[in-house]
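Okay, so here's the structure we're looking at.
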Amino acid sequence: MSKPMRPNRINIDLGIYKAPWLQYCRQRETTPSAAFRQVVAVLLKDADKTAAEIAYIGSHRKVRKQITLTAEEALFVESCAHAEGYSSTRWLIALLQARMGNGAQFGQYELEALGRSNLALLAIGRNLNQIARSLHMGGAPHGDIGVSIARIETTIKAHTLQVSQAMSRNLARWNAK
């Protein structure tokens, strides 16, 4: 039996609370995961944490900084942020994170594209399982398997293109001079 890849992950069905939760997070310019961690921390109280956990949380606390922009700079930030699915504040933070070398800082549109891409990967996995099951049972004519494999190949190529485009847009955005 394989070990779970992210043993500290929790998946929750929020039901009717999902839309209000996402709105709450957007208004506070935070991610649902970060906000949920804050809720858990408050509920568990710091007294239950080890010194290492408290140090980790402390090292990731936000420090408020205020910057003054010209009207032209502010308009530029707002237009870039809007075009890429960010708030102005989140866009500036993503710019800093990318420049600090903290990995990909995907915008909303890229995250949606990658989400669709992941759904395509799940479909590929299902198709491969169906083909394998059919081969093991000896029930499918070879022509049906060829069509299925061609369909999977098309899906893989579309997925690869989608991910490559998202990565290229991401690199171009943050490396632009």
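The values are calculated or read from the model by the stated rules, or taken from the named source; none is laboratory data. Predicted model only: the values in this text are computed from it and were never measured. Neighbour counts run over all protein chains shown; Cβ positions are idealised from the backbone, glycine included.
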| Members of region 19-36 found to be part of a helix (DSSP H, G or I), within 17 Å of the chain's Cα centre (by Cα) and of a type outside the set (Phe, Trp, Tyr), listed by number | LEU22, CYS25, ARG26, PRO32, SER33, ALA34, ALA35
| query | Residues of region 15-39 being closer than 21 Å to THR89 by Cα and of a type in the set (Phe, Trp, Tyr), which ones? | reply | TRP21, TYR24, PHE36
| Just one of ALA74, ALA81 is within 17 Å of GLU29 (Cβ to Cβ), at pLDDT 80 or above and over 23 Å from the mean Cα position of the chain (by Cα); which is it? | ALA74
| Where a residue in region 88-114 is assigned to a helix (DSSP H, G or I) and its partner, wherever it lies, is of a type in the set (Lys, Arg) and modelled with pLDDT under 75, with Cβ under 7 Å and at least six apart | GLU110/ARG169
| task | Filter region 18-62 down to residues that are hydroxyl-bearing (Ser, Thr, Tyr) and modelled with pLDDT under 60 and give me whichever is farthest from GLY85 (Cα to Cα). | result | THR50
| task | Name, by its number, the condition in (1) surrounded by 12 or more Cβ atoms within 10 Å (Cβ to Cβ); (2) of a type in the set (Ser, Thr, Tyr); (3) over 18 Å from the mean Cα position of the chain (by Cα) that does not hold for TYR86. | result | (3)
